[in-house]
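Below you'll find the structure, written out as structure tokens, and then a few comments.
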């Protein structure tokens, strides 16, 4: 029941606030022509009647990459969450809010850029599926 994981345009899986997590992706596809290539892959995937999805990892735009500065903020937010006993479903909103505060809003800007980029990429894949 393996789920294919494909990273677009780079050899490493992207991280939440940065383009590169340092973790090699199991599969990559060049950015040039990626939507059409992924649409073709999805057609084959569907024709084989596979019963699982596919993870498409699209890095956030370069201008929003926080790789050089985000780790200390994440560490501080994690420590504060631990000190305050934040657990379970409350941890993600707590961390996102705390990191947003510590980065003076830059992490939220990066997250919004990531969502928009993913939506735009997904729309290009969808358009390629119907062509």
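Restricting 59, 30 to those that are in contact with a strand residue (DSSP E or B) (Cβ under 9 Å, 6 or more places away or on another chain), without any contact (Cβ under 8 Å) to a residue 60 or more places away in the chain and under 18 Å from residue 123 (Cβ atoms) reduces the list to 59.
Among the residues of the range 30-53, those identified as surrounded by fewer than 18 Cβ atoms within 10 Å (Cβ to Cβ) and within 24 Å of residue 110 (Cα to Cα) are 30, 31, 32.
Each row is one residue, and each column tells you yes or no for (1) in contact (Cβ under 8 Å) with a residue 12 or more places away in the chain; (2) over 16 Å from residue 121 (Cβ atoms).
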{"site": "22", "(1), (2)": "no, yes"}
{"site": "25", "(1), (2)": "yes, no"}
{"site": "37", "(1), (2)": "no, no"}
{"site": "54", "(1), (2)": "yes, no"}
{"site": "65", "(1), (2)": "yes, yes"}
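In the range 10-20, of all residues being in contact (Cβ under 8 Å) with a residue 24 or more places away in the chain and in contact with a strand residue (DSSP E or B) (Cβ under 9 Å, 6 or more places away or on another chain), the one that is nearest to residue 65 (Cα to Cα) corresponds to 19. Looking at the range 41-52 only, could you name the residues that are in a helix (DSSP H, G or I) and either under 30 Å from residue 102 (Cβ atoms) or touching a residue at least 24 places away in the same chain (Cβ under 8 Å) (or both)? Passing the criteria: 41, 42, 43, 45. Against the list (1) surrounded by 15 or more Cβ atoms within 10 Å (Cβ to Cβ); (2) assigned to a helix (DSSP H, G or I), the condition residue 86 fails is (2). Per the listing 102, 95, 114, the residue uniquely under 30 Å from residue 42 (Cα atoms), touching a residue at least 12 places away in the same chain (Cβ under 8 Å) and either surrounded by 15 or more Cβ atoms within 10 Å (Cβ to Cβ) or under 19 Å from the mean Cα position of the chain (by Cα) (or both) is 114. Scanning the range 1-22 for residues that are in a loop (DSSP other than H, G, I, E, B) and farther than 15 Å from residue 115 by Cα returns 1, 2, 3, 4, 9, 10, 11, 13, 20, 21, 22.
Taken together, the values in this text are just the output of simple stated rules run on the coordinates, not laboratory data. Quick caveat, the model's predicted, so the values are computed rather than measured. Ideal geometry is used to build each Cβ from the backbone, glycine not excepted, and the neighbour counts take in all protein chains shown.
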